[in-house]
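Please read the structure below before turning to the comments.
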Amino acid sequence: MTRPQKITLGILSAFACGLIPAILYLAAQTYLGWTRQPLGPALDYPTPWQLPPTWTASPGASQPTLTLAPTLSFATETPASPFLPCTNLPTLTILAIGTDARSDEYKYGRADMIRVARVDFRAQRVTVLSFPRDLWVKIPEVRDDLGTDRQKLNTAYTYGNPGLHFWDHPSQGPGLLALTLDLNFGLQADHYIAVNMNVFVDVVDALGGLNITLPDGVDGRTSYDRSQRLVFPAGAQHLTGEQALTLARIRNISTFQRSSHQNQVMCALQKEIEQPETILKIPAIISSFQDNIQTDLTPERISQLACLGTTMPRSNIQFVSFPRELFKNDMVYDPIVKQDVFIWESDFDRLREYVSQFEAGTWPVASSPFSTPEPGTSSCE
(Lines give C-alpha, C1' and ligand atoms only; values in the text may rest on other atoms or scores of the structure.)
Protein backbone atom coordinates (compact mmCIF):
# COMPACT_ATOMS: atom_id res chain seq x y z
CA MET A 1 0.00 0.00 0.00
CA THR A 2 1.43 3.34 -1.02
CA ARG A 3 1.84 6.26 1.33
CA PRO A 4 -1.02 8.29 -0.28
CA GLN A 5 -3.30 5.24 0.02
CA LYS A 6 -2.43 4.89 3.72
CA ILE A 7 -3.16 8.58 4.29
CA THR A 8 -6.50 8.28 2.46
CA LEU A 9 -7.44 5.16 4.43
CA GLY A 10 -6.55 6.86 7.70
CA ILE A 11 -8.69 9.88 6.86
CA LEU A 12 -11.64 7.63 5.96
CA SER A 13 -11.21 5.61 9.17
CA ALA A 14 -11.15 8.75 11.28
CA PHE A 15 -14.22 10.04 9.47
CA ALA A 16 -16.03 6.74 10.06
CA CYS A 17 -15.10 6.74 13.75
CA GLY A 18 -16.61 10.20 14.08
CA LEU A 19 -19.65 9.41 11.95
CA ILE A 20 -20.76 6.30 13.83
CA PRO A 21 -21.20 8.08 17.20
CA ALA A 22 -23.03 10.88 15.40
CA ILE A 23 -25.41 8.37 13.79
CA LEU A 24 -25.97 6.62 17.12
CA TYR A 25 -26.62 9.98 18.79
CA LEU A 26 -29.13 11.02 16.13
CA ALA A 27 -30.85 7.62 16.34
CA ALA A 28 -31.05 7.92 20.13
CA GLN A 29 -32.52 11.41 19.87
CA THR A 30 -35.05 10.26 17.29
CA TYR A 31 -36.10 7.35 19.51
CA LEU A 32 -36.28 9.63 22.54
CA GLY A 33 -38.42 12.06 20.58
CA TRP A 34 -40.76 9.25 19.57
CA THR A 35 -41.16 8.04 23.15
CA ARG A 36 -42.24 11.55 24.16
CA GLN A 37 -44.86 11.98 21.45
CA PRO A 38 -48.46 11.49 22.67
CA LEU A 39 -50.21 8.54 21.05
CA GLY A 40 -53.28 10.76 20.52
CA PRO A 41 -54.38 14.42 20.70
CA ALA A 42 -53.70 16.00 24.08
CA LEU A 43 -56.35 17.50 26.34
CA ASP A 44 -56.82 21.22 26.00
CA TYR A 45 -58.06 23.64 28.66
CA PRO A 46 -57.87 27.01 26.86
CA THR A 47 -59.64 29.10 29.52
CA PRO A 48 -61.18 28.58 32.95
CA TRP A 49 -64.87 27.82 32.75
CA GLN A 50 -67.21 30.76 33.22
CA LEU A 51 -69.76 29.51 35.70
CA PRO A 52 -73.38 30.67 35.29
CA PRO A 53 -74.37 33.74 37.34
CA THR A 54 -76.70 31.65 39.52
CA TRP A 55 -73.89 29.33 40.63
CA THR A 56 -72.45 30.00 44.08
CA ALA A 57 -69.81 27.96 45.82
CA SER A 58 -70.53 26.57 49.23
CA PRO A 59 -68.05 27.47 51.99
CA GLY A 60 -64.77 25.72 51.34
CA ALA A 61 -65.63 24.71 47.77
CA SER A 62 -62.81 25.06 45.27
CA GLN A 63 -62.95 27.08 42.06
CA PRO A 64 -61.84 25.49 38.77
CA THR A 65 -58.25 26.45 37.94
CA LEU A 66 -55.63 25.52 35.42
CA THR A 67 -53.00 24.49 37.94
CA LEU A 68 -51.93 20.91 38.47
CA ALA A 69 -52.73 19.22 41.75
CA PRO A 70 -49.94 19.66 44.31
CA THR A 71 -47.84 16.64 45.16
CA LEU A 72 -48.20 15.28 48.66
CA SER A 73 -45.99 12.55 50.08
CA PHE A 74 -47.36 9.80 52.29
CA ALA A 75 -45.54 7.24 54.35
CA THR A 76 -45.84 3.93 52.54
CA GLU A 77 -44.77 0.35 53.00
CA THR A 78 -42.28 0.71 50.14
CA PRO A 79 -39.85 3.66 50.31
CA ALA A 80 -39.13 5.25 46.94
CA SER A 81 -35.83 4.21 45.38
CA PRO A 82 -33.83 6.94 43.62
CA PHE A 83 -32.62 4.35 41.11
CA LEU A 84 -36.04 3.56 39.64
CA PRO A 85 -37.25 5.66 36.68
CA CYS A 86 -40.72 6.07 38.18
CA THR A 87 -40.23 7.27 41.75
CA ASN A 88 -39.33 10.93 41.39
CA LEU A 89 -41.89 12.28 38.93
CA PRO A 90 -44.69 14.84 39.32
CA THR A 91 -48.15 13.60 40.27
CA LEU A 92 -50.47 12.82 37.35
CA THR A 93 -54.25 12.78 37.06
CA ILE A 94 -55.51 10.39 34.39
CA LEU A 95 -59.09 10.08 33.15
CA ALA A 96 -59.76 6.39 32.47
CA ILE A 97 -62.80 5.44 30.38
CA GLY A 98 -64.28 2.04 29.68
CA THR A 99 -66.56 2.40 26.66
CA ASP A 100 -69.43 0.07 25.80
CA ALA A 101 -68.50 0.07 22.08
CA ARG A 102 -67.32 -3.11 20.40
CA SER A 103 -65.79 -1.41 17.35
CA ASP A 104 -62.10 -0.47 17.37
CA GLU A 105 -62.84 2.82 15.55
CA TYR A 106 -64.21 4.67 18.61
CA LYS A 107 -66.86 6.47 16.58
CA TYR A 108 -69.76 5.75 18.93
CA GLY A 109 -70.35 4.29 22.38
CA ARG A 110 -70.97 5.68 25.84
CA ALA A 111 -68.66 5.80 28.82
CA ASP A 112 -69.65 2.61 30.61
CA MET A 113 -67.02 3.17 33.32
CA ILE A 114 -65.60 6.54 34.39
CA ARG A 115 -62.60 6.58 36.71
CA VAL A 116 -60.02 9.22 37.58
CA ALA A 117 -56.63 7.97 38.77
CA ARG A 118 -54.32 10.17 40.83
CA VAL A 119 -50.84 8.73 40.34
CA ASP A 120 -48.36 9.81 43.01
CA PHE A 121 -44.99 8.51 41.81
CA ARG A 122 -43.05 9.77 44.82
CA ALA A 123 -45.32 8.15 47.38
CA GLN A 124 -45.80 5.12 45.08
CA ARG A 125 -49.54 5.38 45.52
CA VAL A 126 -52.45 5.33 43.07
CA THR A 127 -55.89 6.53 44.15
CA VAL A 128 -58.83 5.86 41.83
CA LEU A 129 -62.05 7.87 42.11
CA SER A 130 -65.27 6.57 40.56
CA PHE A 131 -67.82 8.89 38.94
CA PRO A 132 -71.40 7.57 38.60
CA ARG A 133 -72.24 7.63 34.91
CA ASP A 134 -75.91 8.55 35.54
CA LEU A 135 -75.22 11.97 37.02
CA TRP A 136 -77.35 14.62 35.27
CA VAL A 137 -74.79 17.22 34.19
CA LYS A 138 -74.23 20.20 31.92
CA ILE A 139 -72.27 19.20 28.80
CA PRO A 140 -70.51 22.04 26.94
CA GLU A 141 -70.48 22.46 23.15
CA VAL A 142 -73.60 20.36 22.38
CA ARG A 143 -76.58 22.71 22.72
CA ASP A 144 -76.57 23.76 19.04
CA ASP A 145 -76.83 20.12 17.95
CA LEU A 146 -79.07 18.73 20.68
CA GLY A 147 -81.19 21.71 21.63
CA THR A 148 -80.17 21.05 25.24
CA ASP A 149 -76.96 20.78 27.19
CA ARG A 150 -78.31 18.66 30.06
CA GLN A 151 -77.64 14.96 29.75
CA LYS A 152 -76.17 12.03 31.63
CA LEU A 153 -72.44 12.20 32.31
CA ASN A 154 -71.63 9.13 30.23
CA THR A 155 -73.10 10.67 27.07
CA ALA A 156 -70.45 13.42 26.97
CA TYR A 157 -68.06 10.81 25.63
CA THR A 158 -70.53 9.84 22.90
CA TYR A 159 -71.21 13.38 21.73
CA GLY A 160 -67.52 14.19 21.43
CA ASN A 161 -66.57 11.22 19.26
CA PRO A 162 -66.56 11.42 15.44
CA GLY A 163 -69.72 9.35 14.95
CA LEU A 164 -71.89 12.27 16.14
CA HIS A 165 -69.14 14.90 16.01
CA PHE A 166 -70.80 17.53 18.17
CA TRP A 167 -67.35 18.81 19.20
CA ASP A 168 -64.49 19.67 16.85
CA HIS A 169 -61.50 19.22 19.14
CA PRO A 170 -59.15 16.37 18.07
CA SER A 171 -59.28 14.82 21.58
CA GLN A 172 -62.84 13.77 20.64
CA GLY A 173 -64.96 11.92 23.21
CA PRO A 174 -62.34 11.75 25.99
CA GLY A 175 -61.71 15.48 25.63
CA LEU A 176 -65.39 16.43 25.87
CA LEU A 177 -65.87 14.14 28.87
CA ALA A 178 -62.82 15.74 30.53
CA LEU A 179 -64.26 19.22 29.89
CA THR A 180 -67.61 18.10 31.30
CA LEU A 181 -65.93 16.87 34.49
CA ASP A 182 -64.07 20.16 34.71
CA LEU A 183 -67.18 22.28 34.21
CA ASN A 184 -69.37 20.41 36.70
CA PHE A 185 -66.88 19.23 39.33
CA GLY A 186 -63.68 21.24 38.85
CA LEU A 187 -61.64 18.15 37.94
CA GLN A 188 -58.49 18.81 35.89
CA ALA A 189 -57.22 15.70 34.08
CA ASP A 190 -53.67 15.68 32.71
CA HIS A 191 -54.17 12.70 30.39
CA TYR A 192 -56.84 10.27 29.24
CA ILE A 193 -57.14 6.68 28.13
CA ALA A 194 -60.27 5.03 26.71
CA VAL A 195 -60.53 1.28 26.14
CA ASN A 196 -63.42 -0.46 24.41
CA MET A 197 -64.81 -3.88 25.24
CA ASN A 198 -62.94 -5.74 22.49
CA VAL A 199 -59.55 -4.42 23.58
CA PHE A 200 -60.27 -5.21 27.26
CA VAL A 201 -61.19 -8.80 26.39
CA ASP A 202 -58.08 -9.19 24.23
CA VAL A 203 -55.76 -7.81 26.92
CA VAL A 204 -57.15 -10.13 29.60
CA ASP A 205 -56.89 -13.12 27.28
CA ALA A 206 -53.32 -12.14 26.32
CA LEU A 207 -52.45 -12.26 30.02
CA GLY A 208 -54.00 -15.73 30.35
CA GLY A 209 -57.17 -14.66 32.18
CA LEU A 210 -57.80 -13.30 35.68
CA ASN A 211 -58.11 -14.97 39.08
CA ILE A 212 -60.89 -13.43 41.18
CA THR A 213 -62.43 -14.37 44.52
CA LEU A 214 -66.02 -13.24 45.07
CA PRO A 215 -67.18 -13.11 48.71
CA ASP A 216 -70.77 -13.53 47.53
CA GLY A 217 -72.32 -15.05 44.45
CA VAL A 218 -73.48 -12.70 41.68
CA ASP A 219 -76.60 -13.37 39.63
CA GLY A 220 -76.88 -10.94 36.75
CA ARG A 221 -79.82 -12.64 35.02
CA THR A 222 -82.79 -10.50 34.08
CA SER A 223 -86.31 -11.21 32.90
CA TYR A 224 -85.17 -10.94 29.28
CA ASP A 225 -81.80 -12.69 29.60
CA ARG A 226 -81.66 -15.90 31.65
CA SER A 227 -78.26 -17.00 30.35
CA GLN A 228 -76.04 -18.91 32.77
CA ARG A 229 -73.08 -16.76 31.67
CA LEU A 230 -74.50 -14.05 33.96
CA VAL A 231 -74.14 -16.22 37.08
CA PHE A 232 -70.90 -16.12 39.08
CA PRO A 233 -70.64 -18.36 42.17
CA ALA A 234 -69.03 -17.23 45.40
CA GLY A 235 -65.38 -18.16 45.88
CA ALA A 236 -62.24 -18.30 43.76
CA GLN A 237 -62.55 -18.59 40.00
CA HIS A 238 -60.54 -18.06 36.84
CA LEU A 239 -62.17 -15.75 34.30
CA THR A 240 -61.55 -15.33 30.59
CA GLY A 241 -61.60 -11.85 29.09
CA GLU A 242 -65.26 -12.17 28.11
CA GLN A 243 -66.24 -13.44 31.57
CA ALA A 244 -64.35 -10.62 33.31
CA LEU A 245 -66.10 -8.09 31.08
CA THR A 246 -69.49 -9.63 31.84
CA LEU A 247 -68.89 -9.46 35.59
CA ALA A 248 -67.81 -5.81 35.35
CA ARG A 249 -70.91 -4.86 33.33
CA ILE A 250 -73.69 -6.62 35.29
CA ARG A 251 -76.39 -3.98 35.83
CA ASN A 252 -79.22 -5.49 37.87
CA ILE A 253 -77.40 -4.46 41.05
CA SER A 254 -76.68 -1.11 42.67
CA THR A 255 -74.30 1.33 41.00
CA PHE A 256 -71.97 1.05 43.98
CA GLN A 257 -71.89 -2.78 43.89
CA ARG A 258 -71.23 -2.65 40.16
CA SER A 259 -68.33 -0.28 40.84
CA SER A 260 -67.00 -2.75 43.43
CA HIS A 261 -67.01 -5.56 40.83
CA GLN A 262 -65.14 -3.33 38.40
CA ASN A 263 -62.56 -2.54 41.07
CA GLN A 264 -62.06 -6.26 41.73
CA VAL A 265 -61.47 -6.86 38.03
CA MET A 266 -58.93 -4.02 37.86
CA CYS A 267 -57.10 -5.35 40.93
CA ALA A 268 -56.94 -8.81 39.38
CA LEU A 269 -55.61 -7.26 36.19
CA GLN A 270 -52.91 -5.37 38.07
CA LYS A 271 -51.92 -8.53 39.96
CA GLU A 272 -51.55 -10.43 36.70
CA ILE A 273 -49.47 -7.68 35.10
CA GLU A 274 -46.96 -7.66 37.96
CA GLN A 275 -46.10 -11.34 37.49
CA PRO A 276 -42.42 -11.77 36.44
CA GLU A 277 -43.30 -13.58 33.23
CA THR A 278 -45.81 -10.88 32.31
CA ILE A 279 -43.40 -7.98 32.77
CA LEU A 280 -41.42 -9.21 29.76
CA LYS A 281 -44.61 -9.11 27.66
CA ILE A 282 -45.59 -5.53 28.53
CA PRO A 283 -43.81 -3.83 25.57
CA ALA A 284 -45.38 -6.29 23.13
CA ILE A 285 -48.83 -5.85 24.70
CA ILE A 286 -48.53 -2.05 24.50
CA SER A 287 -47.39 -2.29 20.89
CA SER A 288 -50.25 -4.63 19.96
CA PHE A 289 -52.99 -2.41 21.37
CA GLN A 290 -51.68 1.16 21.05
CA ASP A 291 -53.56 1.66 17.77
CA ASN A 292 -56.78 0.30 19.28
CA ILE A 293 -57.18 2.65 22.21
CA GLN A 294 -57.78 6.37 22.65
CA THR A 295 -55.02 7.97 24.70
CA ASP A 296 -52.70 10.95 24.81
CA LEU A 297 -50.16 9.12 26.94
CA THR A 298 -46.66 8.86 25.47
CA PRO A 299 -44.70 5.58 25.24
CA GLU A 300 -42.33 7.07 27.81
CA ARG A 301 -45.20 7.82 30.21
CA ILE A 302 -46.70 4.35 29.70
CA SER A 303 -43.32 2.82 30.58
CA GLN A 304 -43.18 4.94 33.75
CA LEU A 305 -46.68 3.80 34.75
CA ALA A 306 -45.76 0.18 34.03
CA CYS A 307 -42.64 0.60 36.17
CA LEU A 308 -44.69 1.98 39.05
CA GLY A 309 -47.32 -0.74 38.71
CA THR A 310 -44.74 -3.50 39.00
CA THR A 311 -42.84 -2.03 41.97
CA MET A 312 -45.45 -0.71 44.41
CA PRO A 313 -47.46 -3.00 46.71
CA ARG A 314 -51.06 -3.71 45.73
CA SER A 315 -52.22 -2.18 49.01
CA ASN A 316 -51.07 1.19 47.64
CA ILE A 317 -53.75 1.07 44.95
CA GLN A 318 -56.82 2.55 46.61
CA PHE A 319 -60.32 2.84 45.18
CA VAL A 320 -62.65 5.50 46.50
CA SER A 321 -66.26 6.49 45.88
CA PHE A 322 -68.15 9.60 46.89
CA PRO A 323 -70.17 9.04 50.09
CA ARG A 324 -73.39 7.23 49.19
CA GLU A 325 -75.53 9.57 51.26
CA LEU A 326 -74.75 12.35 48.75
CA PHE A 327 -76.80 10.58 46.06
CA LYS A 328 -80.52 10.18 45.63
CA ASN A 329 -82.13 8.33 42.75
CA ASP A 330 -84.58 10.30 40.66
CA MET A 331 -86.32 10.41 37.29
CA VAL A 332 -86.03 13.27 34.82
CA TYR A 333 -87.49 13.90 31.38
CA ASP A 334 -84.87 13.46 28.65
CA PRO A 335 -85.84 15.47 25.54
CA ILE A 336 -83.48 13.40 23.39
CA VAL A 337 -85.12 10.02 24.04
CA LYS A 338 -88.45 11.71 24.82
CA GLN A 339 -89.11 9.82 28.04
CA ASP A 340 -88.27 9.84 31.74
CA VAL A 341 -84.86 8.36 32.55
CA PHE A 342 -83.14 7.33 35.76
CA ILE A 343 -80.51 9.70 37.14
CA TRP A 344 -78.50 10.25 40.30
CA GLU A 345 -79.29 13.55 41.96
CA SER A 346 -76.58 15.14 44.11
CA ASP A 347 -75.26 18.39 45.52
CA PHE A 348 -72.52 19.30 43.03
CA ASP A 349 -70.97 21.81 45.44
CA ARG A 350 -70.28 18.96 47.87
CA LEU A 351 -68.89 16.79 45.08
CA ARG A 352 -66.60 19.66 44.06
CA GLU A 353 -65.23 19.80 47.58
CA TYR A 354 -64.38 16.09 47.50
CA VAL A 355 -62.80 16.42 44.04
CA SER A 356 -60.63 19.31 45.25
CA GLN A 357 -59.40 17.23 48.21
CA PHE A 358 -58.86 14.22 45.93
CA GLU A 359 -56.68 16.27 43.56
CA ALA A 360 -54.68 17.65 46.50
CA GLY A 361 -54.09 14.16 47.89
CA THR A 362 -55.87 14.89 51.17
CA TRP A 363 -58.87 12.61 50.52
CA PRO A 364 -59.09 9.79 51.22
CA VAL A 365 -56.63 9.95 54.09
CA ALA A 366 -53.80 7.46 53.59
CA SER A 367 -54.44 4.64 56.05
CA SER A 368 -51.87 2.62 57.94
CA PRO A 369 -52.03 -1.19 58.17
CA PHE A 370 -53.61 -0.81 61.62
CA SER A 371 -56.19 1.87 60.88
CA THR A 372 -59.78 1.44 59.76
CA PRO A 373 -60.28 2.44 56.11
CA GLU A 374 -62.69 5.26 55.33
CA PRO A 375 -66.19 4.21 54.23
CA GLY A 376 -66.37 3.80 50.46
CA THR A 377 -62.68 2.96 50.05
CA SER A 378 -60.98 -0.30 49.22
CA SER A 379 -57.56 -1.45 48.10
CA CYS A 380 -56.17 -4.26 45.96
CA GLU A 381 -54.76 -6.06 49.00
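A few remarks follow.
- Positions within the range 208-263 being farther than 23 Å from residue 114 by Cβ and buried (at least 19 other Cβ atoms within 10 Å of the Cβ), in sequence order: 232
- Of all residues in the range 321-370, exactly one satisfies the criterion of being basic (Lys, Arg) and in a loop (DSSP other than H, G, I, E, B), namely 338.
- Residue list for the range 119-142, restricted to those being assigned to a strand (DSSP E or B) and either open to solvent by 10 Å² or more (accessible area, probe 1.4 Å) or in contact with a His (Cβ under 6 Å, 6 or more places away or on another chain) (or both): 125, 126, 127, 128, 130, 136, 138
- Scanning the range 310-320 for residues that are open to solvent by less than 20 Å² (accessible area, probe 1.4 Å) and not in a strand (DSSP E or B) yields a total of 2.
- Pairs linking a residue in the range 86-110 that is more than 11 Å from residue 198 (Cβ to Cβ) and without any contact (Cβ under 8 Å) to a residue 12 or more places away in the chain to a residue that is small (Gly, Ala, Ser) and surrounded by fewer than 21 Cβ atoms within 10 Å (Cβ to Cβ), with Cβ atoms under 7 Å and 6 or more positions apart or on different chains, do not occur.
The values are calculated or read from the model by the stated rules, or taken from the named source; none is laboratory data. Everything quoted here is computed from the prediction, not taken from an experiment. Because the Cβ atoms are built from the backbone with ideal geometry, glycine has one as well, and the counts that use them run over all protein chains shown. Just the protein is used for accessible areas: all its heavy atoms, side chains included, with ligands, DNA and RNA removed. Shrake-Rupley method; radii C 1.70, N 1.55, O 1.52, S 1.80 Å.
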